[in-house]
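The block underneath contains the structure these notes are about, expressed in C-alpha cells.
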Amino acid sequence: MQMKPFILTTLLLSAPAYAQGTALYDPTIEHMPKDGIVTLYGAGGPNTAFQKVADVWQAKNGKAIKIIAGPEATWSKDAQANADILWGTSEQSMTAFLETYLTFKSSEVEPIYIRPTIIAVKAGNPKAIAGFDDLLKPGIKIVVTEGAGVSNTSGTGTWEDIAGRLGKLSDVTAFRQNIVVYAKGSGASFKAFQEMDADAWITWPDWPITHDDVLDQVNIAADRTIWRDVNVALSPDADPEAKEFLTFLVSNEAQEIMLTEGWVR
C-alpha cells in the first residue's frame with residue numbers, strides 16, 4: 001500500500017514534459033508564408049500603432065504588408081498557413097501562441113515595446129476616479145480582462161497583480177467585490193464596459209488613446225503599476241522583407257509613432 005503514492009508520482013513524471021498543440025492547432029496545415037506579402041497576426045491593441053508604422057514603411061519601399069488582429073480563433077488557421085510574424089501582447093500570450101504555431105520558436109521571440117496598466121474611465125470621468133484606491137470604494141463597477149483559462153489575452157492576471165501589489169489581502173477582496181465583468185479579451189472588455197455602463201476598466205494606454213471619444217485615462221501609481229511588453233516572433237520561412245520590417249519597427253522613426261499610442265522602449 002505504501003508503494004501507491006510512489007507509483008502515481010512515477011506515472012505523472014513519465015508524461016511528455018513538452019507536449020504541444022492546442023484546440024486551435026491543425027497538423028494538416030502546411031506553413032508556407034513566402035507569398036510576397038509580409039503578414040503579421042496578433043491580438044488587438046498594438047495593431048493600430050503597428051499599422052501606422054506599416055503605412056510609413058510601405059510608402060518608403062512599396063512593399064506589401066498585412067496586419068491582422070483580433071481574437072486568436074478568428075485568424076488562427078490563416079496564421080498557421082501564412083504568418084511571417086506573430087506578435088504577443090504579453091510574454092504569457094506569446095508563450096501560449098507557441099503551443100499552436102509550432103514553426104515559431106521561443107528562442108526567436110524578441111520583446112520590442114512595453115506599456116503600463118492604466119484605468120480607463122468614461123469620457124469626462126464622471127465618478128472623479130483619481131487612482132486605484134478609488135476603485136476599492138463600494139459601488140464602483142469595474143471591468144477586467146481575463147483569459148479565464150480559455151482565452152489568450154494580455155490582461156490575464158493584471159487586475160490581481162495590481163490589487164495585491166502592496167501585499168494587502170483586503171485590497172484584493174474589495175477590488176474583486178466591485179468587478180462586474182471578467183471579459184475574455186480587450187475587445188470584449190471594451191464592449192462590456194459600454195454595455196454594463198461600468199465606471200472603470202483595467203487596461204492599456206492604447207485603448208483610451210484610440211477611443212478618446214468615449215474613454216479617458218487615469219494612471220495607476222508607480223508602486224502598483226504592472227508593465228507588460230509586446231513581442232514578436234519571425235517565421236524561419238518568412239518573406240525576406242519581414243525581417244526588414246521588424247528592423248524598421250524598432251527604428252527611431254517607428255519609436256516616435258509607437259509612442260503616440262503609449263508604447264515605449
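Order of ARG228, ARG176 from fewest to most other C-beta atoms within 10 Å?
Values: ARG228 23, ARG176 13.
Neighbour counts put them in this order, fewest first: ARG176, ARG228.
As I understand it, the dipole of the chain uses +1 on the Cβ of Lys and Arg and -1 on the Cβ of Asp and Glu, about the Cα centre. Which of HIS31, GLN92, TRP57 lies farthest toward its positive end?
With unit charges placed on the Cβ atoms, the residue in question is GLN92.
Taking only C-alpha pairs under 8 Å that are 6+ residues apart, what is the relative contact order of the stretch 24-150 in percent?
Values: 111 pairs, mean separation 34.3, N = 127.
Once normalised by length, the contact order is 27 percent.
Pop a pseudo-label 7 angstrom from the Cα along the beta-carbon direction at both SER107 and MET32 and give the gap in nm to one decimal.
Roughly 2.8 nm, to one decimal.
Dipole of the chain, Cα-centred, from +1 at each Lys and Arg C-beta and -1 at each Asp and Glu C-beta, to the nearest 20 debye? Before the final figure, lay out the partial values.
Numbers: 22 positive and 33 negative charges, 129 e Å.
Charge dipole of the chain: 620 debye, to the nearest 20.
Taking only pairs that are 8 or more places apart or on different chains, how many Lys pairs in the stretch 122-265 have Cα atoms under 22 angstrom apart?
Counting lysine pairs in the stretch 122-265 gives 11.
Would you work out the relative contact order for the stretch 22-93, in percent, from Cα pairs under 8 angstrom that are 6 or more residues apart?
After rounding, I find 50 percent.
If contacts are Cα pairs under 8 angstrom and at least 6 residues apart, what is the relative contact order of the stretch 118-225 in percent?
Values: 188 pairs, mean separation 50.2, N = 108.
Value for the stretch 118-225: 47 percent.
Which shape class, rounded, prolate or oblate, goes with the stretch 118-225 when its Cα gyration tensor gives a ≥ b ≥ c as root eigenvalues, a/c under 1.5 marks rounded, and past that a/b bigger than b/c marks prolate? Please list the in-between numbers first.
Values: a/c = 1.44, a/b = 1.11, b/c = 1.30.
Because its axes are fairly even, with a/c under 1.5, the stretch 118-225 counts as rounded.
Sorted from fewest to most neighbouring beta carbons within 10 Å, what does the list SER235, SER107, SER154 look like?
SER107, SER235, SER154
Among (i) 30, 24, 16; (ii) 32, 29, 15; (iii) 29, 21, 16, which one is semi-axes √(5λ) of the Cα gyration tensor in Å computed from these coordinates?
(ii)
In what order do SER106, SER189, SER251 fall by count of nearby beta-carbon atoms within 10 Å, going from fewest to most?
Taking fewest neighbouring Cβ atoms as first place, the list is SER106, SER251, SER189.
Values in this text are rule-based calculations from the coordinates and carry no lab data. Computed from a predicted structure; not experimentally measured. When we count neighbours, we look across all protein chains shown, and the Cβ atoms used for this are built from the backbone with ideal geometry, even at glycine.
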